[in-house]
Each structure stands twice: as structure tokens, then as C-alpha cells.
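Peer 1: Right, I'll just put the structure down here and ask away after.
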Amino acid sequence: MIEIKEEITTAEEIIVALKDAVELEMSLMLQYLYAAYSIPNLVSGQEYVKRGIWKPEHLNFMCGDGEERMNQGIRGIILRIAREEMIHFLMANNLLMAVGGSFHTCTPDFSKMSKFYPLGVEMALEPFSENCLKRFIGFEWPSYYQDRTVAGHSTNGKTTYSSVSQLYQKIRIALVNNPELILVEKNKTGGEHHLYLNKKTNTHHPNYQCQVDDLDSALFTIDLITEQGEGANAEVEVFEDSHFNKFQNIYHYLQEFNLQGDWFHAYPTLKNPSIASISGTNQVLNEETVEVMQIFNGCFEISMQMMVQHFGKRPTESLRMSRLMNTSLEIMAVLLRPLAILLMTLESGIPEKTAGPSFELSQPIQYIPYDKTAQKLIVYKFEKLYAKAQSLKTVPDRIKELLLFFIDFTQNLD
């Protein structure tokens, strides 16, 4: 097994490092989504206000006012950060493919991630809390901060990288010193729509689509990822909009609100819920809830499969023009989101605990070289999920209708 060294010099080493980056971006996205979905949404929050559980200012603080798009409360801020992590996942994959790797997904296993990655911060699916925010600040800790102690987080300095930011800096230095590691042809790569990026990029590079096809574009991509995560440095404009700064602000705001009383509780979801009995996870015991989790995980698996199919079949095409990529993202928005929110409220079978999405994949996602085979497999999986949903009263009719829609839609998907 190839390990990430202090200095990356070979193609094999940089591929391993970039696979780590891809897997870390995916794992951060899932942890952020889990925390955000554990916060009651606007409709539930409004009901809390009616019952006297929350005051109107609590609702505005957590969920926004429901009118102004930019004011979506803490829940909306974390969801936006999670969406940006998805873009970082795709950008890291573009870097990986530029140095000779293949598009990479990971099978999330939060029972082992903390041991595998040398971040010094626990990686776990857990509901929103003060402790949760401390971990998120640790994930996004800037490489230019010397003091590596934050809200109970510290590292021992014995690893080759101790933050996501530091890993990207190692990759950046490797590419600067060894530009020959970039193997892809110029103008032969795909990318993502620029509107998902930050104001600075949209202003100065309006046509940028995250493509990586030379040293300059590779460094630009790395710098954009680290700017959105850590803020480049505390003196620049983008720091204010960085993940690190946002999480710090949320942490301080939450502490101020808590001085006014112990009013906030996320849904009491399990930490690291799972369908199977796995060490380091909490198995959901309620049989009907397990079936809903299986539907969620099945949709997650299909979504990831579609991404892999796009990059395996059309790696040079723009993502925004790809039916496979657009359908993958649509599944996330219209199926995974409501199913995740539903799971946050369903009984787990463990007293006083609800379940939650586990993001478990039955096996690593592999590219299927035959288009029709891939298409038939996706349709078959949707049919199985629809049949399961039909038998469950807890699954809303809208989700059942959407599953039926995707059966028909993917019949002609290529």
C-alpha cells in the first residue's frame, strides 16, 4: 500500500493523496448534511413556535424567515456549505483524473474513518450540537494558523497532514515541483457550472467550470477549494465567506443564544446509525424504519452510480450538459433530501432516539462499461425501491410518485 509521504514526488503518491482528498470531501459533505437535516425545518420550526417550544427569534436564528432567500438561518448555512463540499468532491476528482486516476467515489464507513484519516478530529454522523460544531471547525482549520488547538481539538504532529487544508497544500507543492504529473490533454476535460462557486470566481472567471488541464488550472482549483474551506488567510475578503469562519460564527452565536436558556434541541437522532450491526455504529432496530433507510441508501447508490457513469463514458463533456449528472443531482434534491428529513423523525427502536440516514453503500461503485446494462440496472433498482416504498405507510405519497417517475425517466437515460 502506498502512503502519503512528507514530500509527494511520484504519480502513484499524488493519486493516493488526491483519493484521500476526494474521500474527505465526500465524508465532510455527508456529516454536514446529517447535522443540517437534524435541525427542524421551517415548517416544523413554525409549529414549535405555536406550541411555545421556540420563540420567533429562535425560529429566525435556526431556519430563517422563509421569505428572504439569503436568510435561511443556521440550517441553510450548513446546507450551503454541504453543497459546496459536493462541488469540492467533483473538483478534487477533476484533479485526480488530470494526473491519471479514475473518477473516485468512496463507500462511507463512519465506524472507521476517524482511525483512517490523520485529522485528529472524530468523523461521525451526529445531530447538530455544540460538539458537532467543534468538530466542523477542526475539519476546516486553516493551514496558516499555527495553533492547532481549537475547542478541544488538537493533533500530535506525527502525521503527514493534520487538516484537509494541509493535505491540499502538500498536493499543491507537489504539482508546482513536478508539473509533469499532470497528464491530461489541454481543453479535453469537463467541469461544473460556475454559478455554484464564489463571488470572486464568478466575477473574474465567469466561464470557469472547474476544468483541470494544466498546472495553472490545477493550482487555481486547489486555491478555490482551500479559499472556500479555510479562507486563504484572515486578511482577505473571501475569509468572511469561508466554511471555517462560518462555523466559528455559528459556534459563537449558538453560545450567546444558549445563555438565554436551554431552548434548542436537534432531533434526537442516533450517532452513526446503521442497518447492520457494525462496531462503531448504532444499529436501527425498528423494522419499518430500516426499510426506509434501505430506500434512502438505494437512491444514494443510484445517484453515485450515475456520476461514475458520466465520467466513465463522457469525461470530456461539461457536467451541466450531462443528463446523467443532472439526474444524479436531481435525485439528491428531490428524493434524498425529503427521505433524510423523514428518517430524522422516525423511531429507531432505541428508547428516546430517532433514526437518520446512514449513507451506507452495499459495495463500492464501479463503472459499468455497457450503456444498456447500466441503464437496465438503474431501472431495476428504482423498481425495487418503488415496490418497497409502496408497502410502507411511513413513506409519503410524493416520494412514491417520484420513484415511479424515475423508473420511467431512466428508461431512456444515456
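Peer 1: Would you kindly state how much longer the chain becomes between Ser391 and Leu377 on full extension, computed as 0.36 nm times their sequence separation minus their alpha carbon distance, in nm to one decimal?
Peer 2: Answer, rounded to one decimal: 2.9 nm.
Peer 1: Ignoring everything except DSSP H segments at least 4 long, calculate the 222 nm mean residue ellipticity for the chain; use -39,500 (n - 2.57) per segment, divide by total residues, nearest 500.
Peer 2: Theoretical 222 nm ellipticity from helices: -16500 deg cm²/dmol.
Peer 1: Using a Gaussian network model of the chain whose springs link C-alpha atoms within less than 10 Å, name the residue from Thr281, Thr345, Thr373 with the highest mean-square fluctuation.
Peer 2: In the Gaussian network model the winner is Thr373.
Peer 1: Restricting to DSSP loop positions (anything but H, G, I, E, B) with no more than 15 other Cβ atoms inside 10 Å of their own Cβ, which chymotrypsin sites (Phe, Trp or Tyr not before Pro) remain in segment 254-363?
Peer 2: When the chymotrypsin sites (Phe, Trp or Tyr not before Pro) of segment 254-363 are filtered for loop state and at most 15 Cβ neighbours within 10 Å, Trp263 remain.
Peer 1: Now, a different point. Of the candidates Ile350, Ile77, Ile295, which one comes out as most mobile in a Gaussian network treatment of the chain with C-alpha springs shorter than 10 Å?
Peer 2: With Cα springs under 10 Å in the chain, the top fluctuation among Ile350, Ile77, Ile295 is at Ile350.
Peer 1: Roughly speaking, what is the centre-to-centre gap between segment 326-360 and segment 109-132 when only Cα atoms are used, to the nearest Å?
Peer 2: 19 Å
Peer 1: Explain nothing, just compute: Karplus ³J(HN,Hα) = 6.51 cos²θ - 1.76 cosθ + 1.60, θ = phi - 60°, for every residue of segment 86-99 in order, whole Hz, x for Gly and Pro.
Peer 2: After applying 6.51 cos²θ - 1.76 cosθ + 1.60, I find 4, 5, 4, 4, 5, 5, 4, 5, 4, 4, 4, 5, 5, 9 Hz.
Peer 1: Of the candidates Ala218, Ala333, Ala11, which one comes out as most mobile in a Gaussian network treatment of the chain with C-alpha springs shorter than 10 Å?
Peer 2: Fluctuation is largest for Ala333.
Peer 1: 7 Å from Cα along Cα→Cβ at both Val49 and Val176: what's the point-to-point distance in nm?
Peer 2: Result for the modelled spin labels: 5.0 nm.
Values in this text are rule-based calculations from the coordinates and carry no lab data. If you're wondering where the values come from, they're calculated on a predicted model, not measured in any experiment. Cβ: placed from backbone, ideal geometry, glycine included. Neighbour counts: every protein chain shown.
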